[in-house]
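For reference, the structure discussed in these notes is given below.
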Amino acid sequence: MTKPLICLSLTGKTLHEDVKIVEKYRKHIDLVELRVDFLDDEEQLCIRRFPAMVNVPCILTIRRQIDGGKYTNNEFSRITLFSKALSFASQNSAKNFAYVDFEDDFHILGLYEVALASGMKIIRSLHDFENPIVNIHQKCEQMKRSNYEIPKIAFMPKKLSDVTRLFEEAKNFTDFDHILCAMGPLGIPSRILSGKLNSYLTYTSPLEMDESMKHIGHIDPETLDNLYQFRNIDADTEICAVTGYPLKVTSSPYIHNTAYKEHNMNRVFIPMPSTSMEESMDLANQLGITGMAVTVPYKVDAMRNANEVCSECHSIGASNTLIKKDNKWYAQNTDYSGFKQALCEFLGVKKLHRRKVAIIGAGGAAHAIAYAIKLLGGKACIFNRTKSSAEELAKQFGFTSAPLTQESEPILRRYSDIIIQTTNVGMYSNEPSSKENNPIWFYKFTGSEHLYDIIYEPQETPVMKEARLAGCAKENISNGFSMLKYQGERQFFYFTGEEACLQPNKTAGIATD
C-alpha cells in the first residue's frame, strides 16, 4: 500500500497570501501546488521566485477553465506564463518548481524539454467534472509518455458506485507513479484512503480556500493529518465509516478518531456520503470496512440489507449500526439505548410512569425513540407529516398518532410533558423559528415543557430557541449531544470490542462538501 504525500493547493490572490497559508500548515504537508490561475495578473509575473519563498517542493499549475481552473486568457498567454516560470533554473533545485502540471492534451515540446532539463517531474492531468472515468490503468498508460511523467486522473462521481469502481480498478495498480481521486462529497473516501488507490499524493485545501474550490471535496491538511491520522494509515489499518445522505456535517469521525488516538488503535473512521445504502455496503466490502454507523435516510435500509438482525432492530424496525464479521453484516441499534440513557439523565428519572410524550417524526430515529419510550413506560403520540407513517409507528408500540399540522396543536398540547424532536428539520439552521426550520412552528410553549431535540448541529436549534424564549428553563431543554455520546460509546464497543468514554466536541462537525 502506497504512502501518499499530502499536497496543499494554494489559491490565494497574491504570493504573500499563499506564503502565509504555507506557514500555517507547514508541519502537515509534504508539498504545495501553486494555482497560478487564482493569482492576480500582476502577481502572475512573479511566480518564478515562489519556490524560494516557501522552501517546500512546489507544483506549478496554471489551470484552464475547461479543466476547472480560473485562467481566462488565451492559450498563447498561458504558454508564455509557463515559459517565464520554468526558465532560468537555479543550480539550487530547491529554488525551482519540483513539478509542473500539464493537461493530457497540452503538448508544447519546448516547455517539456525545459522542464526535464531542470529536473522537474511532469504531472499529466485529466479532469472530468461531468462523468466518471473508467479503465483507469489503461488511461494512465496512454497518458504517461516517459518515466518523468506522473499521470493524474480526477473525476466527479455521479454515485458512490463510481468511487467503488475506482478503488477496484486501482487496487493492483502499482507499476508506476500515478495520482487518482474522485471529487466532490462522494469522493471523500478517495482523499482519506488514497493509499488504497496507490496514489502518489492526495490534494488538500486550507480552511480559507476560495469559494470556487469548495465543491471539489478537499479536506484541510490539519484535519487530514491530525484527525484522520493520514500518515499512519497502512495496510493493517481497520476502517469504519458513517454513511447517510447528504451527510453534510457529521461529528462521528471526530468522536471515533479521537478515541482511536487516545487508545492507540490503528484505526480510522471516515465519512461516506452515499446515494443508497446498497452502494454504501458495496464500497464497505471493497475497502474492507468492519463497521458502519448509519444515519438518515438509511436506517431502515441498513436493517434490510444486513445478513443477521438483532432482536432490538426487529422491534424497532431500523438499524444505525452495522458490524462486519466472518464476511457477514450484523445489524444493531444503539440509538434506542443511547437515547434512553440520555433522556433519563436529562429528566433525572429511571422511568416515565406514563408521562405523556410527543414524538415528532416517524423516521428511523423515531422508531428507536418510540421503542425506548415504551421500555420506560411512557405514553406517547406520534406526530408526522405523512399520516400513514405516524399511524404505522404508533400501532407498532401501542401509541396514538396525529398528523403534524397546525390542526393537531390541541393534541400536541395534551402530550406536551416531554416533546422529542426526531426529524432533521432545523439541522444546520441558525435562523429564527419558522415553518421551514421548526417542525412544530404552530405550537406555543407554555414554559412547563421538557424539550429534547436529537439534532446537535447547531447547538441550539430554532425549536429549542423558541422554547427558551417562551420561558422553558435551560435545564428543561436539550439538544442531541448526550444521545450522540451514549450511542457512540455503544458503537465504539461493537466496532472495537473495548469500552470507551467518548467526549463529543460541541464545536466539531466534519464538513463533507
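Each peptide among 68-75, 466-473 gets the average number of other Cβ atoms lying within 10 Å of its residues, and from highest to lowest they stand as 466-473, 68-75. Across the options ILE188, THR321, LEU86, the greatest Cα extent toward the positive end of the charge dipole of the chain (unit charges at beta carbon of Lys, Arg, Asp, Glu) belongs to THR321. Between THR14 and GLN503, the FRET efficiency from the beta-carbon distance, with R0 = 60 Å, is close to 0.90. Packing around the peptides 169-176, 310-317, taken as the average count of other Cβ atoms within 10 Å per residue, puts them in this order, highest first: 310-317, 169-176.
The Kirkwood radius of the stretch 1-144, taken over pairs of alpha-carbon atoms, gives through the Stokes-Einstein law at 4 °C and 1.567 mPa s a diffusion coefficient of 81 µm² s⁻¹. With the helix formula -39500 (n - 2.57) applied to DSSP H stretches of n ≥ 4, the chain reaches a computed 222 nm mean residue ellipticity of -9000 deg cm²/dmol. Estimated from the Cβ-Cβ distance and a Förster radius of 45 angstrom, the FRET efficiency linking THR405 and GLU168 is about 0.40.
When all protein chains stay in place and ligands, DNA and RNA are ignored, the 1.4 Å accessible-area order of ARG64, ARG231, largest first, is ARG231, ARG64. Sorted from longest to shortest, the spans of the Cα atoms of the stretch 353-413 along the three principal axes equal 29, 23, 16 Å. Here P(r) over Cα pairs in 20 Å bins from 0, in percent was calculated from the structure, and among [x] 23, 60, 17, 1; [y] 20, 51, 28, 2; [z] 22, 46, 26, 7, 0 it sits at label [z]. Using a 1.4 Å probe on the protein heavy atoms, what percent of the accessible area of the chain belongs to carbon and sulfur? Solvent-exposed carbon and sulfur of the chain make up 48 percent of the total.
Cross-link partners for LYS159 among the aspartates and glutamates, with Cα-Cα distance under 13 Å and sequence neighbours closer than 8 places in the same chain left out: GLU130, GLU278, GLU279, ASP282.
Mean sequence separation of contacting Cα pairs (under 8 Å, at least six apart), scaled by the length of the stretch 276-336, corresponds to a relative contact order of 32 percent. For the stretch 384-470, the equivalent ellipsoid derived from the alpha-carbon gyration tensor has semi-axes of 22, 15, 12 Å in decreasing order. Ordering PRO403, GLY363, SER482 by the projection of their Cα atoms onto the charge dipole of the stretch 363-513, which places +1 on the Cβ of Lys and Arg and -1 on the Cβ of Asp and Glu, puts PRO403 at the extreme positive end. Dividing the mean sequence gap of close Cα pairs (under 8 Å, 6+ apart) by how many residues the chain holds gives a relative contact order of 10 percent.
Taking a ≥ b ≥ c as the square roots of the eigenvalues of the Cα gyration tensor, the stretch 151-238 is oblate, since a/c reaches 1.5 or more and a/b is not larger than b/c.
For the stretch 14-118, relative contact order (Cα pairs under 8 Å, six or more residues apart, normalised by length) works out to 27 percent.
Modelled label positions at THR275 and CYS310, each set 7 Å beyond Cα in the direction of Cβ, lie 3.3 nm from each other. Magnitude of the charge dipole for the stretch 355-513, about its Cα centre and with charges confined to Cβ atoms of Lys, Arg (+1) and Asp, Glu (-1), is about 560 debye.
The values are calculated or read from the model by the stated rules, or taken from the named source; none is laboratory data. Being a predicted model, the structure only gives us computed values, none of them experimental. Glycine also receives a Cβ, built like all others from the backbone with ideal geometry; neighbour counts cover every protein chain displayed. Keep in mind that these areas ignore ligands, DNA and RNA; they rest on the heavy atoms of the full protein, side chains included. Shrake-Rupley method; radii C 1.70, N 1.55, O 1.52, S 1.80 Å.
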